[in-house]
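Engineer: Provided herewith is a single structure, encoded as structure tokens, for subsequent inquiry.
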Amino acid sequence: MNCDKCQQEASVFFTEVSGDKVNKKSLCESCAQEYQNNTPNLPPFDQLFGEVLEELESNEAFEYSEEEAVVSETSVVCPECDFTLQDYKATGRFGCSTCYPTFKHILLPKLTEIHKGSSHEGRVNHRVLDRVNHAEIIEELTRELERAIEAEDYERAGELRDQIKEASKQASEQQ
Amino acid sequence: MSTFTEFYKNYPEWMTLQESDSDVVLTSRVRLARNIENTPFPGWAKKEVQLFVLKQVKEALNLYQPIKEGQSFCFDQLDTIEKQVFVERHLISREHAAKGANAAVFLTPNCDLSLMVNEEDHLRLQSIQPGLNLDKALDNLTATQDHLEEALSIAYHEKLGYLTACPTNLGTGMRASAMVHLPALGILNELNQSLNAMNQLGLAVRGLYGEGTESFADLYQISNQSTLGEGEQTIIENLNRVLKDLIKQERQARLRLLENDPYKLQDKVNRAYHICCSAYLMTSNEALSLLSILKMGVSLGFFNEVETSDIDLLLLNLQPAHLQIALGSKLSVDERDIIRATKVRERIQRIAKPDFSIIKLPSLN
Ligand SMILES: [Zn+2]
Ligand SMILES: [Zn+2]
């Protein structure tokens, strides 16, 4: 069997089901690689940002929220990696993790079209967990400190102050 | 760095193990996408940045025993065919194989865990288990995740979760999938119906060297699409429920064939066996579809002393890169058909002919 795109022998076969349609493809190794590189995991770019970009490109000013000024969003550049929405159109991928806060207002309303929800419900990154733990520890120590002062146990209060200082230091080191 | 020859000699352990649901589910896989904070993703990063990421990951993994004991390969030491062998063994993705010298893969000794560096994301962690074992595959990644989060600044947002190059992976960054073998649903023309039902449930279905119904290997990959708004456990529970139902459907389809159409089933299996034993030329598609039938025959108990994983291993060794490495030279299409037929013939001839005594054939009068 020959490749759908060129005439080499096909060695990779795809069957993709979308809705009621079953899509079959037979491709050679190199066309398969190209096909996969050009096919973001689903759904394609158009569905995600197509409309938004079209509107932006027609140079209409866009108002996102009360705090945000009316700006021409096509010119927004990621401060970390110089990525723009035009680049997304070309690559179907973002430039770096800072792109997310940068393009958040455009991305957020679209997320529920591709995901079951718009906020993360899974595993929490350890660093964040540690930060939360530190905050909890400091809170707990502070309550204990108040009790110690009330009981006029100044030796204990001194110890607790040192512990709070240490915990705050650790927490800030992790930021 | 390890040598390719050493790697090639040993199959990943999960390819050789048999589980109670291996008759339908070959493997379960969990893949997690992770990135380093404030660093351009591989597709947007300059060479130096990619190299720096690789260096950071290498240093982080140097302190991690399970990976330290295993094998690792930088892509500058592998040629295209060798990279393709990793793809055929499902240890790296096709997309990863297309990357240049700054990409790398790290493996545990039994290959149940692989870590791709500079794929679409800086890091892709993957765990594979035999049979339907998605929970175990996820558990298997916990210690590695813990270690990496201590050693590296992993990009994470409190509301959006793990930040990935493509927004389709945002949140858990998790793609859980199972590879399923559905020959009987194919023969009974019920495959599209079953697969469309998966799609309705928000799952992705992809054929693996299988085209549609009766032809080719009848292997499909079923995976979650949504990664945001649900936790890892919920995603896996949903998949498990759907997959258990699919296993039931396929098993019932096999039994229906056995009961309602025993001549057809016996004919298919017997023909497949004898063609495999006697062919001197075999295209890839023919090999895939014949072995798919034999595999179903094995799971129905027609062949003694063979397991479905034996057929899976033969299938692996018929893949283009494996054929080429085994022969040590680049092969023309015709040469491949000869070599493929030889490999199939030599393997299947060692198996005794099918024993259909469990089938009670209805009288035709
Ligand atoms: Zn081609
Ligand atoms: Zn960026």
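Engineer: Provide the three semi-axes, in whole Å and in decreasing order, of the ellipsoid equivalent to segment B:113-235 as defined by the square roots of 5 times the Cα gyration tensor eigenvalues.
Structural biologist: Those come to 31, 16, 13 Å.
Engineer: At 1.4 Å probe radius, can you tell me the per residue accessible area of segment B:4-252 in Å²?
Structural biologist: 34
Engineer: Between B:Arg271 and A:Glu166, what is the label-point separation in nm under the 7 Å Cα-to-beta-carbon projection?
Structural biologist: Rounded to a tenth, the inter-label distance reads 7.8 nm.
Engineer: List the residues of segment B:221-266 whose accessible area drops by at least 10 Å² when all protein chains are present, compared with their chain alone, using a 1.4 Å probe and counting only protein heavy atoms.
Structural biologist: B:Gln225, B:Ser226, B:Leu228, B:Gly229, B:Glu230, B:Gly231, B:Glu232
Engineer: Would you mind telling me the share, in percent, of accessible area of segment B:237-365 contributed by carbon and sulfur at probe 1.4 angstrom?
Structural biologist: Carbon and sulfur together cover 50 percent of it.
Engineer: Rounded to the nearest 100 Å², what is the buried accessible area between A and B, both sides summed, probe 1.4 Å?
Structural biologist: 5500
Engineer: Also: Measure out, as a whole number of angstrom, how far apart the alpha-carbon centroids of segment A:124-175 and segment B:244-287 sit.
Structural biologist: Using only Cα atoms, the two centres lie 67 Å from each other.
Engineer: Sticking with this one: Rg/Rh for the protein assembly as shown to two decimals, with Rh computed the Kirkwood way over all alpha-carbon pairs.
Structural biologist: Reported Rg/Rh (Cα atoms, Kirkwood Rh): 1.04.
Engineer: Let me ask something else. Taking beta carbons within 10 Å but only from partner chains, what does the mean come to for residues B:201-208?
Structural biologist: The mean count of partner-chain Cβ atoms within 10 Å per residue comes to 4.
Engineer: Another question, then. Can you give the FRET efficiency for B:Gln233 and B:Thr3, using 1/(1 + (r/R0)^6), R0 = 35 Å, r = Cβ-Cβ distance, to the nearest 0.05?
Structural biologist: E between B:Gln233 and B:Thr3, to the nearest 0.05, is 0.35.
Engineer: Another question about this same structure. What is the Rg over Rh value, at two decimals, for segment B:4-252, using alpha-carbon atoms and the Kirkwood definition of Rh?
Structural biologist: A ratio of 0.97.
Engineer: Hey, another quick one. Label-point separation (nm) for A:Thr112 and B:Ile338, each offset 7 Å from Cα along Cα-to-Cβ?
Structural biologist: 6.4
Engineer: Now for a different question. For segment B:261-348, what is the Kirkwood estimate of the hydrodynamic radius, computed as the reciprocal of the mean inverse distance between distinct Cα atoms, to one decimal in Å?
Structural biologist: Numbers: mean 1/r = 0.0752 Å⁻¹.
This gives a value of 13.3 Å.
Engineer: A further question on this structure: What distance in nm separates the simple spin-label points at B:Asn189 and A:Glu140, each placed 7 Å from Cα in the Cβ direction?
Structural biologist: It works out to 6.7 nm between the two label points.
Engineer: In addition: Helix-only mean residue ellipticity at 222 nm, chain B, DSSP H runs n ≥ 4 weighted -39,500 (n - 2.57), per residue, nearest 500. What is it?
Structural biologist: -14500 deg cm²/dmol
Engineer: I would also like to ask the following. DSSP loop GluC sites (Glu not before Pro) in segment B:276-353 with at most 12 other Cβ atoms within 10 Å of their Cβ, which ones?
Structural biologist: B:Glu305
The values are calculated or read from the model by the stated rules, or taken from the named source; none is laboratory data. Because the structure is predicted, anything quoted here is derived from the model rather than measured. Virtual Cβ from ideal backbone geometry, glycine too; neighbours counted across all protein chains shown. When the accessible area is computed, the model is the full protein with side chains, heavy atoms only, and any ligands, DNA or RNA have been set aside. Shrake-Rupley method; radii C 1.70, N 1.55, O 1.52, S 1.80 Å.
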